[in-house]
1. Which is farthest toward the positive dipole end of the chain among 278, 289, 42, measuring Cα position about the Cα centre, with Cβ charges +1 (Lys, Arg) and -1 (Asp, Glu)?
2. Residue 201 versus residue 344, label points 7 Å from Cα toward the beta carbon: distance in nm?
3. How high is the relative contact order of the stretch 118-203, in percent, with contacts defined as C-alpha pairs under 8 Å that are six or more residues apart?
4. If R0 is 22 Å, what FRET efficiency do you get for residue 40 and residue 88 from their C-beta distance, rounded to 0.05?
5. If you take the beta carbon distance between residue 47 and residue 337 as r and set R0 to 41 Å, what does 1/(1 + (r/R0)^6) give as a FRET efficiency, to the nearest 0.05?
6. In units of 2.2 N^0.38 Å, what is the alpha-carbon radius of gyration of the stretch 145-203?
7. Percent relative contact order of the chain, based on C-alpha pairs within less than 8 angstrom and at least six residues apart?
8. Roughly how far apart, in whole Å, are the Cα centres of the stretch 312-341 and the stretch 144-193?
Amino acid sequence: MTFEVVRHQLPLFEEDGRAAATDDEHGRDLHYLPDLPEEDPYAAGHRTCAGCGPAIQYRWVLKAAGQDTVVAGPTGCMYVANSTYLCTPYTVPWAHTPIASGGSFTSGMAAGYEAMIRKGRYPGPYPNILVMAGDGSAADIGIGSISGALYRNHDALFVCYDNECYANTGIQTSPTTPYAGMTTFTPFGKAIPEGKKLPPKNLAKMMAEGHPHCYVATTTVGYPVDLMNKTRKGLNHVGAAFLHCYTPCQKGWVYQTSMTVELGRRVVECGLFPVWEYDPQERTYHYFHPPVQRPVTDYLAMQGRFGHMLPEHVATMQVSANRNWEAIGMDVPKTLRDLEDPARHQRLHDEEYSMPINRGVGA
Ligand SMILES: Cc1ncc(C[n+]2csc(CCOP(=O)(O)OP(=O)(O)O)c2C)c(N)n1
Ligand code: SF4
Ligand SMILES: [Mg+2]
């Protein structure tokens, strides 16, 4: 006898009118926290650094997923800092996987639950199954196993929490480390003054283009409702889904602790991290067009990892951002086009930039 596999359908959060609180001079909504669900599958008690972007993402993703969830976590900060002996923040089943096997382990969980429900050995419904892997895992060491899981279309959500480095082993470069981002493996010096020479790997586009039957989206910790809704859409999608989330690493990027969420907005407003959604039914991309377009210096100057940049490096970064604006169908204002010229720049630490409003302890 075969039993039916019943799946959850998680309702989406209201995106408009959630936050009438405060607007800044650009009309940006500064009330970041919507009415979060009370359940907390990732509760207080972890040991990540203050201001850790991945920890914020973990909390919001798991609040969106809810209590009927099973989670896997490949090796990385979010494994190590969350699994001290006899102490864990998880209130749902969680398993560690080797760094290379987040995709294959999660495929096995998905296939196992399906089979057990069909055979009547698990009462159901089918739980929300997800894995949250760092960029070192999802974009590098474990990309093969995640690509395999997406290709085979296992019903699970595969999340990359992207802190743009191998953080847990001492901030080494990863494929998503941005151009000129200083890490312990990309120090700046006389021979290579920009630190990192290569542009970052476009992980999410690889996943969408390479697995066109999957739901794929990007988001950042600057947009909690967007992050939680894309989590729910990925889980509601029957089949494999991939979510790429920008998550600042306070220790590795060297910035003021309270600025994690602000960076999550500025990276989008500078054109350096386009936020979009790929719809596998229509086979089209839907791009978010931010209400503010800033020079890249507004983002770079907030972080110590870019402090060594010379005028030509800042101009190179502005060129990348401007090409991104064009790729998502936005006009590039003349002020930003002019900034492609190195003569318009100084060394980064001498550049003027728009200071964020001080909104918290530690800023
Ligand atoms: C096959 C393998 N190579 C290297 C390591 C060492 N290692 C442990 S955590 C880690 C960093 C992982 O980086 P990422 O996935 O980006 O997660 P983060 O630490 O940034 O949270 C590395 C390289 C390992 N555990 N397994
Ligand atoms: S090193 Fe970075 S990613 Fe790791 S716990 Fe600290 S802030 Fe979070
Ligand atoms: Mg990382």
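1. Of the listed residues, the answer is 42.
2. According to this spin-label approximation, the distance is 3.3 nm.
3. About 24 percent, as a whole number.
4. Values: r = 13 Å, r/R0 = 0.59.
The calculated FRET efficiency here is 0.95.
5. Working: r = 46 Å, r/R0 = 1.11.
Efficiency, from the Cβ-Cβ distance: 0.35.
6. Numbers: Rg = 14.8 Å, N = 59, 2.2 N^0.38 = 10.4 Å.
The reported ratio for this selection is 1.43.
7. Values: 756 pairs, mean separation 57.0, N = 363.
In percent, rounded to a whole number, it is 16.
8. Each part's Cα centre sits 24 Å from the other's.
The values are calculated or read from the model by the stated rules, or taken from the named source; none is laboratory data. Nothing here was measured: the structure is a model prediction, and the numbers come from that model. Cβ sites come from the backbone with ideal geometry, for glycine too, and all protein chains shown count toward neighbours. Heads up: the accessible areas ignore ligands, DNA and RNA and are worked out on the full protein's heavy atoms, side chains in. Shrake-Rupley method; radii C 1.70, N 1.55, O 1.52, S 1.80 Å.
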